[in-house]
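Notes to accompany the following structure.
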Amino acid sequence: MKDRKLLATLAASLCALIATVNVTVAGAVEAHHFKAVSFQVREEAKDVTYAPTYDGSFIKLIQSLDKTSEPYVTVHTPHIHPGDIVNLQADVLGKGANDAFEDDGMNCQLSYNTDNGKDFSIAGLCSFFTTGESGAAEKRNVIIPSHQITVSDEENGHWVLLFDDKPSGVAFYAGIEH
């Protein structure tokens, strides 16, 4: 019986030590802020072309596209660490014409990683949900290939166009800051 208690105590101590080491290692990595903004093309806009990169603040990026696009989803996360997954969702469920069910929106999971704390890679998957005029729901998945993003400060942000999905009219920019 004493051996079991001793073994249980040693196992619990080992688990606590491992947890402490993991927290210390995770805490040693500098946290950053992930920021993203997606846009939906205005119905009256034709052939909108998004720049592959943009330098400027969050608000300046939004203002630069004001005539052609509307902000769809914006996010500025608290501290994220390499290996984290950022989930972005904007979805409207409701009743449409003739009391038919409608589902319109997007859901994205973006993986964030770095080797040196200055240059980051972001990749992921976005799903778009739309309900057509017939009431039929459609879902499209868009794979976001890996993009390199360099850390910037808030005033002089550097944005990278992650995707421009012509069928849905949604474009998505991302940036990383200290």
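The values are calculated or read from the model by the stated rules, or taken from the named source; none is laboratory data. Only a predicted model underlies this, so the values are computations on that prediction, with no experimental measurement involved. Positions of Cβ are generated from backbone atoms using ideal geometry, with glycine treated the same way; all protein chains shown enter the neighbour counts.
For the range 31-51: of the residues being within 16 Å of THR68 (Cβ to Cβ) and within 17 Å of the chain's Cα centre (by Cα), which is surrounded by the fewest Cβ atoms within 10 Å (Cβ to Cβ)? It comes out as GLN40.
Checking the range 165-176 against the condition returns no match, with no residue being in contact with a Pro (Cβ under 6 Å, 6 or more places away or on another chain) and either modelled with pLDDT under 85 or under 23 Å from LEU61 (Cβ atoms) (or both).
Of the strands (runs of 3 or more DSSP E) lying entirely inside the range 61-172, those carrying at least 1 residues that are in the same structural domain as GLU43 (by TED's automatic domain parsing) and touching a residue at least 40 places away in the same chain (Cβ under 8 Å) are 69-80, 85-95, 101-114, 119-131, 158-165.
Within the range 75-131, the set of residues being of a type in the set (D, E, K, R) and out of contact with any Leu (no Cβ under 8 Å at 6 or more places or on another chain) comprises ASP84, ASP91, LYS95, ASP99, ASP104, ASP115, LYS118, ASP119. Evaluating ALA97 against the criteria (1) among the hydrophobic types (A, V, I, L, M, F, W, C); (2) in contact with a Phe, Trp or Tyr (Cβ under 8 Å, 6 or more places away or on another chain); (3) loosely packed, with under 11 Cβ neighbours inside 10 Å leaves one unmet condition, (2).
Considering only residues that are under 18 Å from ASP165 (Cβ atoms), within 21 Å of the chain's Cα centre (by Cα) and not hydrophobic (A, V, I, L, M, F, W, C), look in the range 54-75 and name the one that is surrounded by the most Cβ atoms within 10 Å (Cβ to Cβ). In this case the residue turns out to be SER69.
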